[in-house]
1. What are the residues in the range 282-293 that are open to solvent by 10 Å² or more (accessible area, probe 1.4 Å) and touching a Gly at 6+ places or on another chain (Cβ under 9 Å), if any?
2. Please indicate, with yes or no, whether at least one residue in the range 96-118 is within 30 Å of Phe216 (Cβ to Cβ), in contact (Cβ under 8 Å) with a residue 60 or more places away in the chain and surrounded by fewer than 24 Cβ atoms within 10 Å (Cβ to Cβ).
3. Could you tell me which of the residues Val155, Val127 is buried (at least 21 other Cβ atoms within 10 Å of the Cβ), more than 21 Å from Asp66 (Cβ to Cβ) and either more than 30 Å from the chain's Cα centre (by Cα) or among the basic types (Lys, Arg) (or both)?
4. Just to be sure I understand, how many residues within the range 449-502 are within 18 Å of Glu514 (Cα to Cα), part of a loop (DSSP other than H, G, I, E, B) and open to solvent by 10 Å² or more (accessible area, probe 1.4 Å)?
5. If the requirement is being open to solvent by less than 20 Å² (accessible area, probe 1.4 Å), within 15 Å of Ile502 (Cα to Cα) and touching a residue at least 40 places away in the same chain (Cβ under 8 Å), which of these qualifies: Val624, Val632?
6. Which of the residues that make up the range 653-697 are among the basic types (Lys, Arg) and either under 23 Å from Asp642 (Cβ atoms) or under 38 Å from the mean Cα position of the chain (by Cα) (or both)?
7. Looking only at the range 430-446, count every residue that is in contact with a helix residue (DSSP H, G or I) (Cβ under 9 Å, 6 or more places away or on another chain) and more than 16 Å from Ala396 (Cβ to Cβ) and tell me the total.
8. So the check is Cβ under 9 Å with 6+ separation or different chains; which pairs have a first residue in the range 735-749 that's closer than 19 Å to Asp709 by Cβ and a second one that's in a loop (DSSP other than H, G, I, E, B) and polar (S, T, N, Q)?
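The values are calculated or read from the model by the stated rules, or taken from the named source; none is laboratory data. Remember, predicted model here, so these are calculated numbers, not experimental data. Cβ placement follows ideal geometry from the backbone for every residue including glycine, while neighbour counts extend to all protein chains displayed. To get the accessible areas, we keep the full protein, side chains included, count just its heavy atoms, and leave off ligands, DNA and RNA. Shrake-Rupley method; radii C 1.70, N 1.55, O 1.52, S 1.80 Å.
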Amino acid sequence: MKKHIKILTLFCCLFPIIGMGQKHQNLFFTKLKIEELKQRIKTDSETANNWNDVYSVATAQLTKNDHTKIDYVALSYLVTGEKKFAEATKKILLDLTTQKTWSNPEMLKRQPAWTSDLKTAEKCWEVAIGLDAIYDELSREERTIIVNGLMKNGVRPALNEWLLPETRIHSLNSMGHNWWTACVYMAGLGCLAVKDDVPEANQWIETLNQASKEWFNFSGDLLQSKPKTWDVAGGMYESVNYASFGVSEYLFFRLAYQNVFPKGKQPDISVMKNIPNFFMHAGYPRQGMMYSLNFGDSHKNIVGERPLKLLWALGIQDPNMLWYLSQIENQQLREGLFKNAPLGILYHPDFGKTPVLPSLHTSAIFKDMGWATMRNSWQKDATLLAVKSGHTWNHAHADANSFILFHKGEPVIKDAGNSSYGTKEYPEYFFQSSAHNVVTFNGKYQPKEQQYHGSPLDGSVSELLDAGEIKYVMANGTGPTSTIYSRNFRHFLWIGKVILVIDDLKAYENGKFEWLLHPEGESKKDRGDISIVNKNGAVLVRPLYPETLVETGYNHDFPEKMVLSEIFAPREDNVKEQEKYYSIGYPEQVRQTKFITAIILKDSVNDKNLPEIERFKGDDMLGVRIKQNGKVTEILLNLQADGRLMHLNSIKTFNGYTTDAYLTALSYAENNPNELTDYFVGYGSFLRKDKQVLYHSLSKLFLIAQKKDKTFEVNISGQPLMNASFGLEKKPSNVMLDKKPIPIDFAEGILKIKLEK
């Protein structure tokens, strides 16, 4: 009896049982969606124009027979009922499914051979879409050929290698990034398309349905230095590009599952609701095409249109998502659900309630993956500073502590980008540290092997504070660069029109430190600055410590000054072209140093209202004084607080102010230097003016305190439990903690704040 069952099972695998007479349920082109589209074509001119575009592409395929456009042909049949489109769809399906194999010859040479890859996944998608649309137009024989071909060439190779326990060769640890979802869930679409024909498909569908939670919750591993796939805040370490692709492949399956099984239960994946925030905070709205951060293997033109539209269709809907989608140009780059593309026209959200601006914080941190963003506004052409210091491997470059700056609609300090993976420039330059804005030591930074084997110690970003005119974030790149550095911290302190980049560096031996700068647009040395102008975006980059640039052209007269060198490297969009970047080198051979560099944001290319910046030094202290618009801010870097002391506290006094803080910024009106308007404390437990306590905590915290009329505002970070007190002359009318009002605990000139994070 068992032998007969095995034979029957084998027969079913080779020749699927056609479920004649069963009601076929559509993946994406549901009857409801088709009817809604027909009505919108009649009543809405924009939809009618978009439909004309779809129909025009479909008509061209009647002679071209391009299998990548099968969705255009299939949808045109369902909307118009014209048999010519059904016949064209059938021809493409038969051509695809009668091919000997869909496997990639290069992948077949691997040991063991890979018979399923991204191209296989694409063809699973194409056949599933086409079969789903003309299912009822096929004869039994035609359907058998198409289903068998889909199973043999696409579904079975993918499930055998990526999912099924008897044959699987891949794991989430080895290939659990965007490839896993693409290969697995495109095969899943194939299973949904043939669920009435292949009995096993229903079991596979449920296995895939549940496996998604494991993929989203993969936490990485220590043994082979694999990172956590998803940040709890919704980001994915692989880049904007691969985050968009990887999650969309799953969301397509989830949407199709929802359409096929409207009462079916899908896993509750909490991070999904946070994914839109990642793409929004990684986006840069501007006049013209929306840009995105291009850390890793991405491009500034790539956006998160697909995942946000799919999430919206799945019921995860936030008006901020409509704002984001409204910033994207139609047919921007690739992989979008364009409003004049088949799925786009069906699942395009109603933009009727799109907000003018999003209700989002101007800063965001993704601690699990080591990204942070800070901007001065969500208006178009604002200023966006982004910092990355996470994991290095695969699509995540060797760029711990690197940063990108967009200003006035353009990138002014950029990531060098990437090239085709087949070029020699990709592994030799674009992936490596020299293509990023970092500080090298003797020409080295992160080991090249991290591209292939990962960084065993990750970088991090932390202590993000955003108080409007003052913003701060700390990046720690020591782990990925620990072969050369025992200390590699980078602080970003943004005050008005000045961003101070403060590098705290310590190597294991004496050597040469070089600060790398990748400008975009026209750049040149202008006295002690590097001037960068990209269309309307203009900044000055001014080295302050350990030395300044030579203001004249006579470098040989000032051997102690910083040495500016021009370096030429391949350009992202055409590796045969060369572009310029800079090395700002300290001429002395030292083991430990501090770089302080000011980035001055210009309101226009010819802006003359620039802040005055002055260097000053004290005992074990480096200082920077900034004067802008009647306000003075003094920034103090306490050299005793950089880890050189053991057990002893790093207490320093300057102009009557005493603190143990590593970094302090004190602001006051230029005509009233005796009264602070606001102050920043970076890693400090107290701040006193003479004998008056301004701030006190038993542990060292990071905070910004501001007096605004009768309101006292505090942003604070540093410990999970914080008890801080602040000395004030009068009880404030309001107290804001991290931009939220809190009860006022004030007595005898002391305001107490308790916070648990």
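1. Matches in the range 282-293: Arg286, Gln287, Gly288, Tyr291.
2. Yes, there is a match, as at least one residue in the range 96-118 is within 30 Å of Phe216 (Cβ to Cβ), in contact (Cβ under 8 Å) with a residue 60 or more places away in the chain and surrounded by fewer than 24 Cβ atoms within 10 Å (Cβ to Cβ).
3. Matching residue, one of Val155, Val127: Val155.
4. 4
5. Val624
6. Within the range 653-697, just Arg688 meets the criteria.
7. Residues flagged as in contact with a helix residue (DSSP H, G or I) (Cβ under 9 Å, 6 or more places away or on another chain) and more than 16 Å from Ala396 (Cβ to Cβ) within the range 430-446 amount to 3.
8. Within 9 Å, the pairs are Ile744/Ser733.
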